[in-house]
Amino acid sequence: MGEAFAGKVTTGLRSLHRRARRPTRWWLVPILIGLFLCPVDCAYSDPNAREDPTSSGHFATGERLTYALTFLGMRAGTAVMEVQETAPIADHATLKLITTAKSSSTVTKFYPVDNRVESIVDAESLTPFHLVFTRREGKKKNDFDVTFHHAEGTVLSIKDGVSETLTIPPGTHDLISCLYYIRSLPSIQLGSSVVLNLHHDKKNYRVEVRAEGVEKVQGLRGEVEAIRLLVIMPFQGLFLNEGNIRVWLTNDAQRVPLMMKAKIIIGSVVARLIR
């Protein structure tokens, strides 16, 4: 089964490289998985998680979520999201948001992935102070270090040791903070949309999130009613068209993230909450 999977994925990756301008973008995994933010429902959250000043109505410090990543219907990797305590910055309470993504043992044999993103954000506004992203994909290695200066409207972006000061729009988010911000919104109205500014890899993007509808989805405890969100990612290369991603959240006060699905050039990338 492992050899068959390796053959399918190898063929798929070759197709992606032939048809896309860039190689497979595993750095998008934090964005894809980041949409599944840490809920406080005891059925899904860490039993040691606690409520404190650095808590949102939908996630709290001490929580840890694990997702299975599948590609072409086969297990391709695992992603983990955590919310941790960290020291205040300029009298602002903060949160440390951590996302890791690792390839499965089979995929690692021909395309190892071991990515880690750490984002320190304001606990109230969820705008970022500092982001560190370690990207390890195949033979490619990148290290990002980004410091946000919102009052000045700039970021100090360091990539592989090369630094540059760049302009950003007001309220700009990073790979992870924008998604936690969406989860912290007081309500999600069907038909509504939210547009956020996102800075990554020395570029500014606009990401739109639309509430499409309500439907039944399989959860950890059976079938539940879920809100379906459409996330429009303006990144080119791996994703077709605008890079649309769909996310399903339980239709209740907790908004437990259940599943994500992104159609790509061949097949789909799917993330499911497993614990």
Order of 117-126, 139-148 by packing, highest average Cβ count within 10 Å first? 117-126, 139-148
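Could the peptides 205-212, 172-179, 83-90 be put in order, highest first, of the mean number of other beta-carbon atoms found within 10 Å of their residues? Please list the in-between numbers first.
Details: 205-212: 16.6, 172-179: 26.2, 83-90: 14.1.
Ranked by mean Cβ neighbours within 10 Å, highest first: 172-179, 205-212, 83-90.
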Using alpha carbon centroids, what distance separates region 194-235 and region 119-191, in Å? 17
What order do you get for 103-111, 216-224, 91-99 when each peptide is scored by the mean count of other beta carbon atoms within 10 Å, highest first? 91-99, 103-111, 216-224
Less than 21 Å apart at the alpha-carbon level, and either on another chain or at least 8 residues along: which lysines does that give for K139? K8, K102, K109, K159
Quick one: the Cα spread of region 85-242 along its three principal axes, in angstroms, biggest first? 47, 44, 35
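Taken together, the values in this text are just the output of simple stated rules run on the coordinates, not laboratory data. Being a predicted model, the structure only gives us computed values, none of them experimental. Glycine also receives a Cβ, built like all others from the backbone with ideal geometry; neighbour counts cover every protein chain displayed.
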